[in-house]
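Reading through the structure tokens given below for one structure.
The values are calculated or read from the model by the stated rules, or taken from the named source; none is laboratory data. Because the structure is predicted, anything quoted here is derived from the model rather than measured. Neighbour counts run over all protein chains shown; Cβ positions are idealised from the backbone, glycine included. Calculation scope for accessible area: heavy atoms of the full protein, side chains included, ligands and nucleic acids excluded. Shrake-Rupley method; radii C 1.70, N 1.55, O 1.52, S 1.80 Å.
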Amino acid sequence: MFTIFRGGQSGAWRVTQLTPVKGAGLMRTPALSSVSSASIALPILPALTSWRVAGLASHVRYTERPEKDQLASVQAKLGRPEATCAALIPIKKSAAWWELTQEERRQIFEDKSHHIAASLKYLPAIARQLYHSRDLGEPFDFLTWFEFEPAHAEMFEELVGMLRATEEWNYVEREVDIRVERERLDAG
């Protein structure tokens, strides 16, 4: 199943911030929508006021079995009613990253950057999903989606800051940080 994120004039999420962190940004839009689909549908005539990125949730990479099991034991599900804040962070890594072997990337990802180990303390408060886009010919290699309660916004900033300070982030050539909010469906 593909997941397609569209920035445009309408959607379930209201865009509160759209920041190019590294490289080119995306057009500012007031809303973000997300749909799952068996195919990546392109509009017949693309709108001048929107953009689309797509990815595929795939098997976990650069992760050893104990790490995978630990992540699964504390990972929160997406779509929790109280998680009214979210972030879509599309990332493109450099050619130098992709020229490394799988083992070399794993060494930077976890052995040096401690991506998984350092991120565990933010779970289950912050739910996350990684979508792979590189092999789809998309402009980004990964789409990272995070959901959290407003009370955990500072914790999310800490997580993002920590990840951007790692050796792994030196291989990022394009990153856009899109923050969104939705109204609580269970608020009375």
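Laid out as a table, the results:
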{"item": "Kirkwood hydrodynamic radius of the stretch 92-131, Cα pairs, Å", "result": "11.7 Å"}
{"item": "With all protein chains modelled, accessible area of His132 [1.4 Å, Å²]", "result": "40 Å²"}
{"item": "For the stretch 80-188, average projected area of the Cα convex hull in nm²", "result": "7.4 nm²"}
{"item": "Heavy-atom accessible area per residue - the chain, 1.4 Å, Å²", "result": "54 Å²"}
{"item": "Base-10 log of normalised Debye intensity for the chain (one unit scatterer per alpha-carbon) at q = 0.12 Å⁻¹", "result": "-0.59"}
{"item": "Potential extension, Gln17-Lys112 segment - 0.36 nm per residue separation minus Cα distance", "result": "31.1 nm"}
{"item": "Karplus 3J(HN,Hα) series, Hz, for the stretch 128-144 with 6.51 cos²θ - 1.76 cosθ + 1.60 (x for Gly, Pro)", "result": "9, 8, 9, 10, 8, 10, 4, 6, 9, x, 7, x, 10, 7, 9, 10, 9"}
{"item": "Carbon/sulfur fraction of accessible area - the stretch 118-162, other protein chains in place, 1.4 Å, %", "result": "53 percent"}
{"item": "Relative contact order (percent, whole number), the stretch 64-188, Cα cutoff 8 Å, 6+ residue spacing", "result": "43 percent"}
{"item": "Packing rank of 158-169, 17-28, where each peptide gets the mean count of other beta carbons within 10 Å, highest leading", "result": "158-169, 17-28"}
{"item": "Estimated inter-spin distance, Arg164 and Glu82, nm [label 7 Å along Cα→Cβ]", "result": "2.8 nm"}
{"item": "Candidate residues Arg105, Arg134, Arg6: accessible-area rank, largest first, probe 1.4 Å", "result": "Arg134, Arg6, Arg105"}
